[in-house]
Amino acid sequence: MSIVQGLVVVLHLLGMAAILGGWFATRTSPRVHPAMLWGARSQIVTGLILVGLAEAGIGTDGEPVNHPKIGVKLVVALAVAALVEIANARQKRFNLPVAIGPGAPTPIMVAAPLVQAAAGLALLNVLVAVLWT
């Protein structure tokens with residue numbers, strides 16, 4: 001395994017850890033943690049770099065790239081990033097200093113379902129990576 005590929009794998013794993021770690025850190029009142037945003041973004045970038053390296057034959061020991069698996073992982077990673085970005089935007093919008101009446105949604109209420117879904121999809125992506133052979 002080349003040093004470059006090893007470093008990209010480490011960054012890829014750190015991105016996954018940031019998503020799930022951010023969710024674990026806020027799981028009692030789910031909201032977007034900045035680490036989740038950057039983790040989701042880095043997962044896409046480092047994943048694409050890893051596929052490019054694999055297509056170039058670097059660190060794969062001659063094994064072909066499993067394109068259906070990569071396609072599924074890319075779609076799931078894009079969904080995770082979209083959910084985290086949308087949740088972050090909603091969270092910011094509802095944090096504005098505006099008079100809100102009783103029963104109005106709070107920042108946590110509007111972000112929680114999206115954050116939960118993003119964490120679940122991130123876990124699904126880990127399962128696809130490990131179990132799909």
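Coordinate-derived values only; no laboratory data. What you are looking at is a predicted structure, and each value in this text was computed from that prediction instead of being measured. Methodologically, a virtual Cβ is constructed for each residue, glycine included, from the backbone with ideal geometry; neighbour enumeration extends over all protein chains shown.
Treating each Cα of the range 22-82 as an identical point scatterer and summing with the Debye formula, the log10 of I(q)/I(0) at q = 0.12, 0.20 Å⁻¹ comes to -0.40, -0.80. Here the calculated FRET efficiency for Val72 and Val4, from their Cβ-Cβ distance with R0 = 22 Å, stands at 0.30, rounded to the nearest 0.05. Compactness check for the chain: Cα Rg over 2.2 N^0.38 Å is 1.22. Computed from phi, the 3J(HN,Hα) profile of the range 111-122 under the Karplus parametrisation 6.51, -1.76, 1.60 (θ = phi - 60°) reads 9, 4, x, 5, 5, 4, 5, 4, 5, x, 5, 5 Hz, with x in place of Gly and Pro. Spin-label model, Val65 to Val128: label points 7 Å out along the Cα-to-beta-carbon direction sit 1.5 nm apart.
Using a simple charge model, +1 on the beta-carbon of Lys and Arg, -1 on the beta-carbon of Asp and Glu, nothing else, what dipole does the range 3-131 show about its Cα centre, in debye to the nearest 20?
Values: 8 positive and 4 negative charges, 118 e Å.
With only Lys, Arg, Asp and Glu charged at Cβ, the dipole is about 560 debye.
Axis angle, to the nearest 10 degrees, between helix 67-94 and the longest C-alpha principal axis of the chain: 20 degrees.
Over the range 3-131, what is the mean sequence separation of C-alpha contacts under 8 Å (at least six apart), divided by residue count, expressed as relative contact order in percent?
Numbers: 146 pairs, mean separation 39.7, N = 129.
Relative contact order here is 31 percent.
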